[in-house]
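Have a look at this one.
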């Protein structure tokens, strides 16, 4: 069925204007202390819609293209791409090709952030392909470019005549830790001084997307921040309306386009919904695979009631109604009976299994299971130089705490491709990472890079929250001194027949067919992270409050079970984990520790098996197992140590000269033991008393300003007999190479002949 959807104020004689030369329209405004600009009509004129959106000098071009033909899908084919361009920050991309390659994790997360409020705003049954491309052109390193993309996408959709429930906008809310004031779209500097990073997307009246990281903020403070963010979104939506009015005044009404929508077929609806009671009975099974089997068998039986011609005629309507039947049967069961498909009440958490220290030899591990969702998390500790370097347009270098989330196909009993992470995996990993980041100790207190990998072994909803709990177990098992342990729970919402029920610990079916997926993580002190996707327009502050308070109860219940299994982090890391020692050496000693061509440091690492990293400021990090770190540390301490007067050493003779012996006190550090101090009595040759390789106890006599060390021998032996005594006649003269003895010169003796005094020449 074809349906015309009009966007913007209707106007008499409104006509298609694709291809019409559009005049440039700009709208500038100030909100919450920052300057913004919306612009269209100059760039990307062959796209369905385009908008250039700016905050400060940070500028993003957002384009929308809608396919002309409807696709035979049973879902809405929306694609959102966020393409980072390194020229936006004046950098040349790394790598051999010197061009942008696969999106960074930040780019993927930003694309998801744009997608989530936009997707539910399209009408049901819309099946034309839609692609939104957000391309940052300038990133001024002061104002972030991510949240303004939602406003840019909303504007591009509107000016392109695309049907959706707009306008929409996105904001980031921070909170000044000193004043407690909320900040809209804080600068990077303001974000550094904030205990909240809350991203919201939605319309002037409701929030459809939420993403948050927080430093243990209370539920009340989070609700206040969300209310403030909703007001800010409404203010931006008003500015969009002013922009659209300018566009209409300059270029006329927005285009009218016709799009074919999937519309309900009453006959199909009646025949499918005649099996409502059967679907309700099939859904009442706590086992996911069994329930899915019953539901699919029923759907096939219903489908078989239609003739082949009817199935061809209603090839799109039948699957839609079958899904609708399952959805409404599940939802009605909850709101009418208070009972869920697995028999739980609305506030009940599924059975838990908590097992820390699950794997041998790894640095830390934890198995967390909730119902039929099971996650194995494994922690690995490494040197600080193993931190993840980020190649992005954001003004960040990298991170030392890394969380990766893997969702293999076998966890749902399916086959599929294994390989690089999908957007969902990146998003869930980022959520778990945000959840634990506020409680990770500083590198001064715990000088390690920390990586946690969460492997989803079994999934039936809330796997991201299971990964948060499993990661907490793994970190505590690894001996990471977390400030406080973290747990998480996923909340759901059912709004049906005028009734509202908030669900604790939702499973997959309740997420898929429900109105909200609201994930909350935190400690006993407060919230550390949140994520919400909302499909319901009637999400009131009262419902949000109820969801947050119910989530708090669920989090604490789960946390108690975790602490029963592991009450506190290990007091020290495991033997299999590297012991990391930090030293501070003078910067002028770095060269000595490294050695020519790295010879010295390489030798220490080969001899001890430790890994050494030296910073420019003289900080040295040493990692090793089974005492390797201690051995390497002692070697480095010995190299940089400056012997002091009075200190005693047992050294080794490494060189002999006529005037004395060189004794190695410390690696690479020698002192001179003068010939007069090698023994008691006069010694003619050092070799009469010492040889290379001999050990000798010495005391430091002097260290001059150039670092030269003079030594004295402790417990000097007697000089060997005959050593140091002149031979016959030697007292009266010296024996020269020709064998003749010549008399010693006396004072004033010039060698026999009288020599003339030197002449002083004039300059």
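Please verify whether residue 123 is more than 21 Å from the chain's Cα centre (by Cα), closer than 21 Å to residue 425 by Cα and surrounded by fewer than 17 Cβ atoms within 10 Å (Cβ to Cβ), treating the condition exactly as stated.
no
Also, quick follow-up: Within the range 390-414, track down each residue that is modelled with pLDDT under 90, out of contact with any helix residue (DSSP H, G or I) (no Cβ under 7 Å at 6 or more places or on another chain) and more than 26 Å from residue 486 (Cβ to Cβ).
The one that is modelled with pLDDT under 90, out of contact with any helix residue (DSSP H, G or I) (no Cβ under 7 Å at 6 or more places or on another chain) and more than 26 Å from residue 486 (Cβ to Cβ): 391.
Follow-up question, since we're still on this one. So is residue 510 touching a residue at least 60 places away in the same chain (Cβ under 8 Å) and assigned by TED's automatic domain parsing to the domain that holds residue 611 or not?
no
Name the one entry in 446, 410 that is more than 20 Å from residue 103 (Cβ to Cβ) and either in contact with a strand residue (DSSP E or B) (Cβ under 8 Å, 6 or more places away or on another chain) or not in a loop (DSSP other than H, G, I, E, B) (or both). It would help to see each step written out before you state the result.
Numbers: 446 fails: either in contact with a strand residue (DSSP E or B) (Cβ under 8 Å, 6 or more places away or on another chain) or not in a loop (DSSP other than H, G, I, E, B) (or both).
Only one candidate passes the filter, namely 410.
Still on this structure, I have one more. Give me a count of the residues in the range 181-192 that are in a loop (DSSP other than H, G, I, E, B) and either over 26 Å from residue 525 (Cβ atoms) or at pLDDT below 95 (or both).
2
While we're here: With 424, 434, 417 as the choices, which residue is assigned to a helix (DSSP H, G or I) and at pLDDT below 95?
Result of the check over 424, 434, 417: 424.
Identify all residues within the range 74-89 that are outside any loop (DSSP other than H, G, I, E, B) and either under 25 Å from residue 390 (Cβ atoms) or free of Cβ contacts under 8 Å to residues at least 24 places away in the same chain (or both); write none if there are none.
Those that are outside any loop (DSSP other than H, G, I, E, B) and either under 25 Å from residue 390 (Cβ atoms) or free of Cβ contacts under 8 Å to residues at least 24 places away in the same chain (or both): 79, 80, 81, 82, 86, 87, 88, 89.
Further question on the same structure: Of everything in the range 550-579, what is over 30 Å from residue 611 (Cα atoms) and either crowded, with 21+ Cβ neighbours inside 10 Å or modelled with pLDDT under 95 (or both)? Give them in sequence order.
Within the range 550-579, 551, 554, 555, 558, 559, 562 meet the criteria.
Considering only residues that are assigned to a loop (DSSP other than H, G, I, E, B) and crowded, with 23+ Cβ neighbours inside 10 Å, which ones fall in the range 531-549?
539 - this is the single residue of the range 531-549 that is assigned to a loop (DSSP other than H, G, I, E, B) and crowded, with 23+ Cβ neighbours inside 10 Å.
Of the residues 215, 241, which single one is surrounded by fewer than 20 Cβ atoms within 10 Å (Cβ to Cβ), at pLDDT 95 or above and in contact with a helix residue (DSSP H, G or I) (Cβ under 6 Å, 6 or more places away or on another chain)?
215
Inside the range 197-220, can you point out the residues that are within 12 Å of residue 530 (Cβ to Cβ) and outside any strand (DSSP E or B)?
Correct list: 219 only.
Right, here's the next one. Could you list, in sequence order, all residues of the range 185-205 that are touching a helix residue (DSSP H, G or I) at 6+ places or on another chain (Cβ under 8 Å) and surrounded by fewer than 21 Cβ atoms within 10 Å (Cβ to Cβ)? Walk me through it before giving the result.
Of the residues in the range 185-205, the ones touching a helix residue (DSSP H, G or I) at 6+ places or on another chain (Cβ under 8 Å) are 185, 196-205.
Once the filter is applied, which keeps residues that are touching a helix residue (DSSP H, G or I) at 6+ places or on another chain (Cβ under 8 Å) and surrounded by fewer than 21 Cβ atoms within 10 Å (Cβ to Cβ), the range 185-205 yields 197, 203, 204, 205.
Quick one: which residue in 542, 592, 634, 616 is more than 22 Å from residue 451 (Cα to Cα) and within 27 Å of the chain's Cα centre (by Cα)?
616
Something else now. Out of all the residues in the range 519-530, which are in contact with a strand residue (DSSP E or B) (Cβ under 6 Å, 6 or more places away or on another chain) and either surrounded by fewer than 24 Cβ atoms within 10 Å (Cβ to Cβ) or at pLDDT below 95 (or both)?
Correct list: 523, 525, 526.
While we're on this one: For the range 593-615, indicate whether the set of residues that are closer than 30 Å to residue 487 by Cα, at pLDDT 90 or above and out of contact with any helix residue (DSSP H, G or I) (no Cβ under 9 Å at 6 or more places or on another chain) is non-empty.
The answer is no; no qualifying residue exists.
Quick check on my filter: what residues within the range 249-261 are out of contact with any strand residue (DSSP E or B) (no Cβ under 8 Å at 6 or more places or on another chain) and either surrounded by 19 or more Cβ atoms within 10 Å (Cβ to Cβ) or under 23 Å from residue 73 (Cβ atoms) (or both)?
The answer is 253, 254, 255.
The values are calculated or read from the model by the stated rules, or taken from the named source; none is laboratory data. Worth saying up front: this structure is predicted, and the values here are computed from it rather than measured. Positions of Cβ are generated from backbone atoms using ideal geometry, with glycine treated the same way; all protein chains shown enter the neighbour counts.
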